[in-house]
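The values are calculated or read from the model by the stated rules, or taken from the named source; none is laboratory data. Note that the structure is predicted; figures quoted are calculated from it, not measured. Note that each Cβ is placed from the backbone with ideal geometry, even for glycine, and that neighbours are counted across all protein chains shown.
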């Protein structure tokens, strides 16, 4: 006798991702699993207690999975001043004034998603400009890529860096000819000196700088940080996400997530990495082994290693094989030597960890591919699914190495500049041909996955899908880099589950798999570019539980 379903989603356009049944009209859920999938002329397993949910002709997919984001930073950004789309000094001033009017008593003004040329094409928002906009309290403005920040004089004084500070290579507090800080901060070590004096972010960023230890904080502060994470998690569920792969790896954040899982039940599945930073070495991976053993539940796992190999193109900190076009003599900075990186990745691989490395420049991509190759020679080849994150610029000689080494290209469609405008001035048209080269990588047989890097880019999946499907061609030539909708959906469902080693449990809609489902608010196959970008989640189900319901 067929067991009656707990939940039935019917009258939907179901895209299953299952080759044996690619399309369906209804999905039945029993407990935490998909019970059955069927067509309109097939009778679903209904009973008197079955909860029926009308899909209203909208698209139903496997649960969406963001394979690269930052939960705590995303949670904080929901309360920050967003400068997305703000251009020109007058608009900048109006945005600051409006935000302050809505937040009386503010002690620290944090802004994010700022264009490098918000003031003008010739200048950045240095401390003098920010002092004019906000003279009385500390102000910090994060660039759209989160690798550059601009701060006012009050923030410099609060952090004690008016005359700079000793930092690791690749991290810079920009000074003027007189040795005074201009207000421009490049890369995380410099930026965190100010972020850690922001009351809303202090504990998180202090913990990130010392990720192996449990900070001594009051229960009130710990509760506030849990709420920041909970806000981020529920926001993820509201966007249709059933799983996320968080790229921040401190013990503090991991324990906060575990506390939320125990007390409330996480609304999305979360993977957390062990973050290797400059100054760390292979011996530090002993912490990662302990974290992996302690956190391996259905909803929360700590089972991979994250590393930054370089910075970003816009600030000139991405590590390039040749000089930047606009700054001869500058190739950016490798954050680890070849020897350091090879030793860390080889040991992580030996311990059975997947490794994910931030690489924006072609120099960083090559360095990390070399390190993965060194690990294979030392340990033997296995199904490691090691990743390279971003891959904004790649040398054509390195494209086939992804498939040869089994390395996954983790890419963010929303990072691609519109038509390459401004970006090509920094790297030149020759390298522009191999910028964000998804088509070249796929043609060479590379596995890929899509993500957002939220809060660096918008979290909304419709925006990611539209960016992948409707990417315009660049003047630098090359193949068409956009993909069709089915491929884009694969990148945020099945591929994202596969890269997390979860392909046997989720990522598709089929009987026996996890009941992780996302119902869009429209038929996304029939949507034009604007409609696809505007599409959102009407319903999110994670492990059989409704985590977002806007039916």
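Suppose the filter is outside any loop (DSSP other than H, G, I, E, B), outside the structural domain of residue 517 (by TED's automatic domain parsing), under 22 Å from the mean Cα position of the chain (by Cα) and at pLDDT 95 or above; does residue 237 pass it?
Answer is yes for this residue.
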Taking the condition within 20 Å of residue 91 (Cα to Cα) and surrounded by fewer than 24 Cβ atoms within 10 Å (Cβ to Cβ), does residue 129 pass?
-> yes
For segment 330-340, indicate whether the set of residues that are modelled with pLDDT of 95 or more, in a loop (DSSP other than H, G, I, E, B), within 18 Å of the chain's Cα centre (by Cα) and crowded, with 18+ Cβ neighbours inside 10 Å is non-empty.
-> no
Candidate set: segment 31-62, residues that are over 16 Å from residue 538 (Cβ atoms) and touching a residue at least 60 places away in the same chain (Cβ under 8 Å); chosen: the one surrounded by the fewest Cβ atoms within 10 Å (Cβ to Cβ) = 31
Give segment 265-292 a look and list any residue that's within 21 Å of residue 229 (Cβ to Cβ) and part of a strand (DSSP E or B), or say none.
-> 269, 270, 271, 272, 273, 274, 275
Residues located in segment 81-116, provided they are buried (at least 18 other Cβ atoms within 10 Å of the Cβ) and in contact (Cβ under 8 Å) with a residue 60 or more places away in the chain | 108, 110, 112, 113
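Yes/no per residue for (1) assigned to a loop (DSSP other than H, G, I, E, B); (2) assigned by TED's automatic domain parsing to the domain that holds residue 189; (3) closer than 18 Å to residue 456 by Cβ; (4) in contact with a strand residue (DSSP E or B) (Cβ under 8 Å, 6 or more places away or on another chain):
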| residue | (1), (2), (3), (4) |
| --- | --- |
| 91 | no, yes, no, no |
| 98 | no, yes, no, no |
| 101 | no, yes, no, no |
| 111 | no, yes, yes, yes |
| 128 | no, yes, no, yes |
| 136 | yes, yes, no, no |
| 150 | no, yes, yes, yes |
| 157 | no, yes, no, no |
Matching entry among 296, 278 (being more than 18 Å from the chain's Cα centre (by Cα) and touching a residue at least 40 places away in the same chain (Cβ under 8 Å)) = 278
Might you let me know whether segment 523-545 holds any residue that is in a loop (DSSP other than H, G, I, E, B), under 19 Å from residue 298 (Cβ atoms) and without any contact (Cβ under 8 Å) to a residue 40 or more places away in the chain?
-> no
